[in-house]
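> Here's a structure for you.
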Amino acid sequence: MTKIIDGKAISQKIKDELKEEVARKKGEGKEACLAVIQVGKYPASTVYVGNKKKACAYIGIDSQSYELPEETSQDELLSLIDKLNDDPKVTGILVQLPVPGHIDEDTIIKRISPLKDVDGFHPMSVGALCIGEKGFVSCTPAGVIKLLKYSDIEIAGKECVVIGRSNIVGKPMSLLLLRENGTVTVCHSKTKNLKEVCKRADILVVAIGRPKMINEEYIKDGAVVIDVGIHRMENGKLCGDVDYESVAPKCSAITPVPGGVGPMTIAMLMYNVVSAM
Ligand code: NAD
């Protein structure tokens, strides 16, 4: 029988564990505060920012919210980041992406102090992950590793295939699987024989950004399939990059959309914020 990996339940468990850890650290006189910056009005971003603030309140840490107008200049945003970098009360800084086109995302990411880079996007954080040093890890791929661990799925020695090589999902995902001693293959838009490569996977992580692209023809019997994709269909329902209906019967375990990887991203953001306390 296929195991449905319940990201909602696992993320709740992690948040409850973090809540206890926050209480304990507060008892030692430690504090945490997450500063969240949003530039312009993107409806999806407003929902994400709201959820992040709610999660902070749930685990018992402060959050500050900066909602800046669309026309905010890059220099104004950089000055705010400098101010927050220097503020000892603020332990984590997050700029909700995307930012308006006149602001360069990379410049913004690089300005956040690596000590407060709770999204794990700063080159120092990525470099630390690459060479196996301590540092903040990008939340979505970190959440995938937690899902596998909480589901007692062994990674060491397994054939792991990641589809997607973005800086925030695919690349850190492959590094994390490597760190867990998986044998890792990374596929992308130029990969030849994608189906054949995917069919080798014991663990297949899909982060392509194309609704339901991966069907049963890409799956080895008994594989574990993790679907990072998230799309809203015309009927208003959500779906992933994996065609769940055809793939699920072939797998030993699979994440649903919604309720799989999605809830883990915020839980891992909270994990990063608490680790900075
Ligand atoms: P992206 O567009 O930056 O990267 C997509 C990757 O897929 C690229 O590296 C590209 O080379 C590869 N790709 C595209 N077409 C391909 C094809 N035909 N064959 C093989 N590879 C192909 O996307 P991203 O930011 O990495 O996000 C991927 C998906 O995950 C999206 O659906 C996104 O919405 C979702 N996502 C979900 C969460 C979450 O919290 N659940 C977080 C981040 C992203």
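The values are calculated or read from the model by the stated rules, or taken from the named source; none is laboratory data. These numbers come from a predicted model, not from an experiment. Every residue, glycine among them, receives a Cβ derived from its backbone with ideal geometry; neighbour counts consider all protein chains shown. Only protein heavy atoms, including side chains, enter the accessible area calculation; ligands, DNA and RNA are left aside. Shrake-Rupley method; radii C 1.70, N 1.55, O 1.52, S 1.80 Å.
> Which residue pairs have Cβ atoms closer than 7 Å, lie 6 or more positions apart in sequence or on different chains, and pair a first residue in region 102-129 that is part of a helix (DSSP H, G or I) with a second residue that is modelled with pLDDT of 95 or more and of a type in the set (Phe, Trp, Tyr)?
Matching pairs, first to second residue: Ile109/Phe121; Ser125/Phe136.
> A further question follows. Does at least one position in region 109-120 carry a residue that is more than 16 Å from the ligand (Cβ to nearest atom) and touching a Phe, Trp or Tyr at 6+ places or on another chain (Cβ under 6 Å)?
Residues of region 109-120 more than 16 Å from the ligand (Cβ to nearest atom): 110-117.
From what's left, touching a Phe, Trp or Tyr at 6+ places or on another chain (Cβ under 6 Å): 117.
Yes, because at least one residue in region 109-120 is more than 16 Å from the ligand (Cβ to nearest atom) and touching a Phe, Trp or Tyr at 6+ places or on another chain (Cβ under 6 Å).
> Then there is this: Which ones in region 250-262 are open to solvent by 40 Å² or more (accessible area, probe 1.4 Å) and either in a helix (DSSP H, G or I) or under 18 Å from Gln12 (Cβ atoms) (or both)?
Lys250, Pro258, Gly262
> Same structure again: Among the residues in region 75-82, are any surrounded by 14 or more Cβ atoms within 10 Å (Cβ to Cβ), touching a residue at least 60 places away in the same chain (Cβ under 8 Å), under 28 Å from Lys15 (Cβ atoms) and touching a helix residue (DSSP H, G or I) at 6+ places or on another chain (Cβ under 6 Å)?
No, every residue in region 75-82 fails to be surrounded by 14 or more Cβ atoms within 10 Å (Cβ to Cβ), touching a residue at least 60 places away in the same chain (Cβ under 8 Å), under 28 Å from Lys15 (Cβ atoms) and touching a helix residue (DSSP H, G or I) at 6+ places or on another chain (Cβ under 6 Å).
> Please find, among Val36, Val22, Val90, the residue that is in a loop (DSSP other than H, G, I, E, B), aliphatic (A, V, I, L, M) and open to solvent by less than 10 Å² (accessible area, probe 1.4 Å).
Answer to the check: Val90.
> Based on what the data block shows, is Gly236 at pLDDT below 95, away from the ligand (no atom under 13 Å from the Cβ) and in the same structural domain as Gly182 (by TED's automatic domain parsing)?
yes
> If I go through region 239-256 residue by residue, how many of them are touching a helix residue (DSSP H, G or I) at 6+ places or on another chain (Cβ under 7 Å) and within 11 Å of the ligand (Cβ to nearest atom)?
Selection size over region 239-256: 1.
> Going residue by residue through region 108-126, is there one that turns out to be closer than 21 Å to Ser45 by Cβ, acidic (Asp, Glu) and in contact with a Cys (Cβ under 8 Å, 6 or more places away or on another chain)?
Just the residues of region 108-126 that are closer than 21 Å to Ser45 by Cβ, to begin with: 108-112, 116-122.
From the residues that got through so far, the ones that are acidic (Asp, Glu) too are 117, 119.
Subset that is in contact with a Cys (Cβ under 8 Å, 6 or more places away or on another chain): 119.
Yes, there is a match, as at least one residue in region 108-126 is closer than 21 Å to Ser45 by Cβ, acidic (Asp, Glu) and in contact with a Cys (Cβ under 8 Å, 6 or more places away or on another chain).
> Evaluate region 142-158: report whether one residue or more is out of contact with any helix residue (DSSP H, G or I) (no Cβ under 7 Å at 6 or more places or on another chain) and within 14 Å of the ligand (Cβ to nearest atom).
No, that holds for no residue.
> Of all residues being at negative phi and among the small types (Gly, Ala, Ser) in region 136-163, which is most open to solvent (accessible area, probe 1.4 Å)? Just the residue, please.
The residue in question is Ala156.
> Do any strands (runs of 3 or more DSSP E) lying entirely in region 171-238 carry at least 3 residues that are within 19 Å of the chain's Cα centre (by Cα) and within 19 Å of Gly260 (Cβ to Cβ), and which ones are they?
Fully inside region 171-238 and qualifying: 203-206, 224-227.
> Something else about it: Working only within region 177-190, note down all residues that are of a type in the set (A, V, I, L, M, F, W, C) and open to solvent by 10 Å² or more (accessible area, probe 1.4 Å).
Leu178, Val184, Val186
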